[in-house]
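Okay, so here's the structure we're looking at.
The values are calculated or read from the model by the stated rules, or taken from the named source; none is laboratory data. On a predicted model such as this, the values are computed, not experimentally measured, just so you know. Ideal geometry is used to build each Cβ from the backbone, glycine not excepted, and the neighbour counts take in all protein chains shown.
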Amino acid sequence: MSMHEIEDAVEDAIRMLHDHGDGLDHRSIFWNLLRLQEAFGTTPVRFRVLDILLERRFAYRLSLEGPALEGSVPEGSVPEGLALEGLALEGLGIEGSRIEAGQGGSGLEDLLGGAEAVEALRAIEGSEDVGLDPTRPIDPISNPRAGYVRDGALYGEAGSILWRRLVERGALSGADALDPTPISTLELACLIAEVAEIQGETDLIRGWHGLVQGELYAGVEAMVGPQDLDEVQAIPAARRLRDIAARSGALDDLDFGGAAPPRAFIAASATLSWWYNLT
C-alpha cells in the first residue's frame, strides 16, 4: 500500500468506528491506529479527525489563553477552583477535573514547567508537535514528544506525557485516566473488518486485509509475524479477517501488481495464495 492509502485506511477506520462502533474501546483503538500509522512513517491524520478524537475522549484540549473551563459543562455548575488561571481543560465535565496550582504559579505553568514554557507554546503559529520542554526541539531521548499545539490550544492524547501529567495531578480520573490497551495489528484489522462488513464498507475491508499482509509474510518493523501457512491459519484473527475479505467480495477483481502483489509473487507463496483466496 502507498503512504496515501495507509493514511486513508486509518482515517476511514476512525470515522467508521466512531459512527458505528458502539460498545468498543475507542480510546484504545485510536491509540493503536495512530501508533501503527507512525510505524509506517506516514503523515499523521489526527488533525483530519480531531473532533472525533476529542468527542471520544482520546484527545484533550487545553486553552493557552483563557481561564474558563471550555466544553460541555453546564453554565454555573463548575465548582470554585476547578479552572485555574491559564488552565482551561475542555469538555471533561466536573468529576475529576480539579487541578491544583503550586506556589507562585498558575495551573498551566505548573503543568508545563514554568512561564517560559507557556510563552513558547503561545508563540506557536499553526500546528506543531511539542516536547516535554516546549522551549527546546523534540528529541526522542532528552525531550520526547508530549503533545501538540494547534490554533492556540495545547492537545494531549491518551497515553501521552501531557495526558499522564494531567492524570498524576488529578485533572483526569475514572475512564479518562486509564492507559490505552495495546491491540495486535491483526486483531485491530479484524475488528475494523467486522464492523466494515456490517456497514458494507468493502473498500475498507480490502484496504486493511492488504495492509496486514506484511505481518503474515514479510514483516514490517515491529509487525513481524509467522510465514508458515499452518501457523498463519492457526491464528483466529487471521482466519476471521481472511474469511470476511473473501465472503464480502473484497478479494474480487483485485488490482494485482497495484494495490495487491503480482499474481506470480502470490502464487509462489502458499501463505499469500491462501490469504488472497487464490487456492
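Numerical summary
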{"quantity": "Number of the condition not met by Ser273 [criteria: (1) at pLDDT below 90; (2) part of a loop (DSSP other than H, G, I, E, B)]", "calculated": "(2)"}
{"quantity": "Candidate set: segment 232-279, residues that are of a type in the set (D, E, K, R) and within 15 Å of Ala189 (Cβ to Cβ); chosen: the one surrounded by the most Cβ atoms within 10 Å (Cβ to Cβ)", "calculated": "Arg242"}
{"quantity": "Subset of segment 27-41 [free of Cβ contacts under 8 Å to residues at least 40 places away in the same chain and surrounded by fewer than 19 Cβ atoms within 10 Å (Cβ to Cβ)]", "calculated": "Arg35, Glu38, Gly41"}
{"quantity": "The listed residue being buried (at least 16 other Cβ atoms within 10 Å of the Cβ) and of a type in the set (Ser, Thr, Tyr), out of Ser160, Ser173, Ser184", "calculated": "Ser160"}
{"quantity": "From the options Ala59, Ala39, Ala9, residue that is out of contact with any Lys or Arg (no Cβ under 8 Å at 6 or more places or on another chain) and closer than 20 Å to Asp179 by Cβ", "calculated": "Ala39"}
{"quantity": "Residue in segment 108-121 that is touching an Asp or Glu at 6+ places or on another chain (Cβ under 7 Å) and either within 28 Å of His26 (Cβ to Cβ) or outside the structural domain of Ala59 (by TED's automatic domain parsing) (or both) present", "calculated": "no"}
{"quantity": "Members of segment 47-56 found to be free of Cβ contacts under 8 Å to residues at least 60 places away in the same chain and outside any helix (DSSP H, G or I), listed by number", "calculated": "Arg48, Val49, Arg56"}
{"quantity": "Every pair of residues 6+ apart whose Cβ atoms lie under 6 Å, when the first sits in segment 140-163 and is under 23 Å from Glu125 (Cβ atoms) while the second is in a strand (DSSP E or B) and of a type in the set (Asp, Glu)", "calculated": "Arg145/Asp129; Tyr148/Asp129; Val149/Glu128"}
{"quantity": "Sole exception among (1) touching a Gly at 6+ places or on another chain (Cβ under 6 Å); (2) touching a residue at least 12 places away in the same chain (Cβ under 8 Å) for Gly170, by number", "calculated": "(1)"}
{"quantity": "Counted residues, segment 121-136 - those being assigned to a loop (DSSP other than H, G, I, E, B), surrounded by 12 or more Cβ atoms within 10 Å (Cβ to Cβ) and aliphatic (A, V, I, L, M)", "calculated": "2"}
{"quantity": "Residue among Ala83, Ala88 that alone is at pLDDT below 85, under 23 Å from Arg57 (Cα atoms), of a type in the set (A, V, I, L, M, F, W, C) and touching an Asp or Glu at 6+ places or on another chain (Cβ under 6 Å)", "calculated": "Ala88"}
{"quantity": "Top-ranked residue in segment 1-26 [being in a loop (DSSP other than H, G, I, E, B) and not hydroxyl-bearing (Ser, Thr, Tyr); ranked as surrounded by the most Cβ atoms within 10 Å (Cβ to Cβ)]", "calculated": "Gly21"}
{"quantity": "Residue in segment 152-166 that is polar (S, T, N, Q) and outside any loop (DSSP other than H, G, I, E, B) present", "calculated": "no"}
{"quantity": "Top-ranked residue in segment 98-120 [being touching a Gly at 6+ places or on another chain (Cβ under 8 Å) and part of a loop (DSSP other than H, G, I, E, B); ranked as modelled with the highest pLDDT]", "calculated": "Gly114"}
{"quantity": "Yes/no for Ala153 being within 15 Å of Leu54 (Cβ to Cβ) and at pLDDT 85 or above", "calculated": "yes"}
